[in-house]
Structures are given as structure tokens and as C-alpha cells.
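Structure first, then comments.
The values are calculated or read from the model by the stated rules, or taken from the named source; none is laboratory data. In this text the structure is predicted, and so the values were computed from the model without any measurement. Methodologically, a virtual Cβ is constructed for each residue, glycine included, from the backbone with ideal geometry; neighbour enumeration extends over all protein chains shown.
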Amino acid sequence: MPRDQPYVWLFPERGCKVVLSVSSFEAVLSSARAALPNETGGTLVGKYSDEGCTATITHPYQARKGAHAGRNWFFRPSDDVDPTLRDLLNKKRDALHYLGEWHSHPGAKPLPSVRDIRTLQGLAHSPDVASDTPLLLILGGNLNRLPQVACFMFAEGIYYRGILASGKAERSPGLTGRLLRQIRHIFSLRTDETA
């Protein structure tokens, strides 16, 4: 796939999608590679479409203030916000929104741990977070050769795994081409119904 194609994850159960530009992915990947062999992570900032069905990640930030990491763990206190991020959100209050978090799982599958799921639950219920459906982007696998990326959403007590519809990372394991086409068709029907 051409490098200028964004990553797009479909969430058919929720009737929405998440878009990540190649440049934003490259910024996250660069941060993850620089932290090897440890995990790292940060915050996802971006925009919602007018109808609210599409979240576009435009500004991935690496956590700096209060963050700690090891080979198999990453922690960022939820109340520690980098001043640069705070300034950006304050200046562009109507244009940009907190969308969620990202972090790396070097050498492992891009699947959320129990701690990751609990973090999403906490974010969804936090009065300080401007989203009741926070996203989690996880980079895994061999980050230097063939990184894998997955996107998750927490909503109404359930976490959902997005279906990668475009981008250069590998697709969700176990999805056949036929099943993926059926899911895309269902998603397009839901989008047409809401239009």
C-alpha cells in the first residue's frame, strides 16, 4: 500500500472508524523504536467528524512528565499532562480533542493487557477526560522490521478491537478476506443509514 495512505480501523459494532495518518504512525513508531527495549507511550489528540462517526488522530504525543517504563510495562499518571499538550488543547479547544492513549509492546502482540483495559475503563469514567470512548493504539511485534499496530475503543463498559481496513501493518489475525468484505459491507450500510 502506498505510504500516503492512512491507517483506518473500522468499529462496525459502534458504527464508527478511526483514522491515523502515516506521518502520525511514523512519529509513534519512531518514539517506540527510540525507547527499545522498553515500552513507551503517550497521548492521542485529534478531531472528530461533524457527525461524530470518525475520529482522526492528528497529534500523537510521547509521555514525558511522570512516565515510567520497563521491558514489559509502561505507566503514565493520568493527572500528569505535558505542558505542551495542555497548551495545544487550550489553544485549539474547539478543533482538537483528547482521543486516548498509545503505547508499545515490543516483541509482543499488539493486544491490551489487563492493566491496559483497566486504564481505558478509568479514562472512560474520569471527569477529567473529555471522551467517554477513549482509544488505545498499541504497537507490537518487531518494531524495527515488521511492526504491528492495533486500535481499541472502550465504550459503555466494553472494549472493542478495530478492524484494520487500510494501512501497511498486518491485518487482524484470523480475519479472512471474505469476512473482512462482509464487515466492510455492514459498516457501509450503517453509514448510509445515518446519512
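Hey, any hits in the stretch 13-20 for a residue that's part of a strand (DSSP E or B), at pLDDT 90 or above and among the charged types (D, E, K, R)?
yes
When you check residue 195 against the structure, is it buried (at least 19 other Cβ atoms within 10 Å of the Cβ), farther than 21 Å from residue 24 by Cα and at pLDDT below 75, yes or no? The answer is no for residue 195. Confirm whether residue 42 is crowded, with 22+ Cβ neighbours inside 10 Å, in contact (Cβ under 8 Å) with a residue 24 or more places away in the chain and either β-branched (Val, Ile, Thr) or under 17 Å from residue 104 (Cα atoms) (or both). Yes: the conditions hold for residue 42. What number of residues within the stretch 21-45 satisfy the criterion of being of a type outside the set (Gly, Ala, Ser) and assigned to a loop (DSSP other than H, G, I, E, B)? Of the residues in the stretch 21-45, 5 are of a type outside the set (Gly, Ala, Ser) and assigned to a loop (DSSP other than H, G, I, E, B).
Here's the yes/no breakdown for (1) out of contact with any Ser or Thr (no Cβ under 9 Å at 6 or more places or on another chain); (2) in contact (Cβ under 8 Å) with a residue 12 or more places away in the chain; (3) β-branched (Val, Ile, Thr):
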position	(1), (2), (3)
102	no, yes, no
111	yes, yes, no
117	yes, yes, yes
122	no, yes, no
125	yes, no, no
131	yes, yes, no
136	no, yes, no
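Mind checking which residues of the stretch 54-69 are crowded, with 17+ Cβ neighbours inside 10 Å and not polar (S, T, N, Q)? Hits for the stretch 54-69 are 55, 57, 59, 60, 61, 63, 67, 69. Might you let me know whether the stretch 14-27 holds any residue that is closer than 30 Å to residue 157 by Cβ, touching a Pro at 6+ places or on another chain (Cβ under 9 Å) and aliphatic (A, V, I, L, M)? Within the stretch 14-27, one or more residues are closer than 30 Å to residue 157 by Cβ, touching a Pro at 6+ places or on another chain (Cβ under 9 Å) and aliphatic (A, V, I, L, M).
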